[in-house]
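Have a look at the structure below before the remarks.
Bear in mind that the values in this text are calculations on the coordinates, not laboratory data. Since this is a predicted model, take the numbers as computed values, not measurements. Counting neighbours? That spans all protein chains shown, and the Cβs are built from the backbone with ideal geometry, glycine included.
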Amino acid sequence: MGHAYALGKQPCAIIRTGRGSGQPGTEHNAHVRPSSSCTSRGPPLRIRIFFQSKSSAAATKPSPIRTRPFRAISRAMSSSAPAPAAMAVDDAEDDQLASMSTEEITRASRLLDNEIRVHKDELQRSNLELESIKEKTKENQEKIKLNKQLPYLVGNIVEILEMNPEDEAEEDGANIDLDSQRKGKCVVLKTSTRQTIFLPVIGLVDPDKLKPGDLVGVNKDSYLILDTLPSEYDSRVKAMEVDEKPTEDYNDIGGLEKQIQELVEAIVLPMTHKDRFQKLGIRPPKGVLLYGPPGTGKTLMARACAAQTNATFLKLAGPQLVQMFIGDGAKLVRDAFQLAKEKAPCIIFIDEIDAIGTKRFDSEVSGDREVQRTMLELLNQLDGFSSDERIKVIAATNRADILDPALMRSGRLDRKIEFPHPSEEARARILQIHSRKMNVNPDVNFEELARSTDDFNGAQLKAVCVEAGMLALRRDATEVTHEDFNEGIIQVQAKKKSSLNYYA
């Protein structure tokens, strides 16, 4: 059977149902096609029609036709796609639809109006909830911005706790502590005002990124953690970092080819070619001890090593680690290695290590015991539980005979490089290096000068070049001659009153 329905006064749809009597309480398939008098065209739609009994229609809200098919009808009517098959409508169906009453389509239209009204109410309620959420979000952001205003109160993380409260039966009317019922991580905090605070709610920082000992900024009133702060180091340790890269090169060092090779193998190669050590399955040395008479190029070698690597270079002096207060020197060593670990790969150069690395002995003087404690902290940092293979230590001394055996053993300062007095060939090379920027007469014979400078170290050979230049300046000459170098050797030998013995 077919039925015609009108939206307004003009019939716009033909509903063609399947075969059946249309008994109350039954449901039938239906095809929807535009009528010949409707201006909108679209493809045919298939809907379902539910027939109600007259008795139930009086007791309930009249809904002879479901509302979903009518939304499909309106979409089909508004479609502009051509559908030639939909335009072929039988004349018999037109007659049947024209003779039908519009009571059912009116009821369906009322149902659609009610549904539209309900959706509008839901939309309005959703918009109000959205506005309320936006206002609360804005208010919370303003509170966070207000609480994060500087200055912060500085604190340290003492302990991180994992809270898992057990489900206990609460009595009726009993007070419930919300903080005690929270699950997750909690923090014990110690502030700079010497207060120890327990925080059940950590704050704005991810608790997984916190660890004991971290420096944090907290709110002055609520003590909530607002931000993490960089690690605190002693200002004297920060001053140890060499900001400007040294300009020395291995070519500036004469007569120490073997020592250069040993230092490069122990310090530079583990940083630049770590994979070669891993393939062989060996662990590179942790530290190198440079020892020898003064003026033989130990510090110069360390500066050249720092220039050849892109690692951070920390320069410590042994006397700098000897402090008046108990534990201050050990703290300097600890902070220096902590800073090196943060800036790894790093090279720590400790010059004049004999100031703190002497052999231990029984002493009643508290100062001697403090020096020994500083050395013990250095031993702990070299191969303790917190040692790091990315940190290399270069120590230099001219009194290797008085160093503690625990400092000299393998596993700490593994490689020991001796810097002896230069040979005759090395002395000639050193004189050429120090005089290459000088205006030297071509007749200068450096081999003869090297034979005249027996027992001279590198520093004294540099002094010979400086004295030769000063003599040429005194004569108002434009170049330095061989005689100037000879006179410079005589002056340096005169200042060298006797052969110094640096060993006990």
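Applying the Karplus relation 6.51 cos²θ - 1.76 cosθ + 1.60 with θ = phi - 60° to segment 391-401 yields 3J(HN,Hα) values of 9, 10, 10, 10, 10, 10, 7, 10, 10, 5, 6 Hz, where x marks Gly and Pro.
Any chance you could run the full-extension gain for LYS258 through SER410? It's 0.36 nm times the residue separation minus the Cα-Cα distance, nm to one decimal. Please list the in-between numbers first.
Values: separation 152, 0.36 × 152 = 54.72 nm, distance 2.08 nm.
Once the chain is fully extended between LYS258 and SER410, it gains 52.6 nm.
Sorted ascending by nearby beta carbons within 10 Å, beginning with the fewest, ASP249, ASP476, ASP234 become ASP476, ASP249, ASP234.
Footprinting exposure proxy ranking of CYS186, CYS465, fewest other C-beta atoms within 10 angstrom first, gives CYS186, CYS465. 3J(HN,Hα) couplings calculated from phi for segment 228-237 with the Karplus curve 6.51 cos²θ - 1.76 cosθ + 1.60 (θ = phi - 60°) are, in sequence order, 8, 10, x, 4, 9, 10, 5, 4, 5, 6 Hz; Gly and Pro show x. Simple spin-label estimate for LEU123 and ARG399 gives 9.2 nm between the two label positions (7 Å along the Cα-to-Cβ direction from each Cα). The packing ranking of peptides 218-226, 302-310, 189-197, highest mean first, is 302-310, 218-226, 189-197, where packing means the average number of other beta carbon atoms within 10 angstrom of each residue.
Report the extension gain between ASN445 and ALA477 in nm, rounded to one decimal, defined as 0.36 nm multiplied by the number of residues separating them, less their alpha carbon distance. Full extension of this stretch gives 9.6 nm more. The calculated FRET efficiency for the pair ASP383 and SER423, based on their C-beta separation and a Förster distance of 45 Å, comes to about 0.80. Taking amide H positions as modeled 1.01 Å from N, with prolines and chain starts lacking one, the residues under 5 Å from VAL440 and 5 or more places away or on another chain are VAL480.
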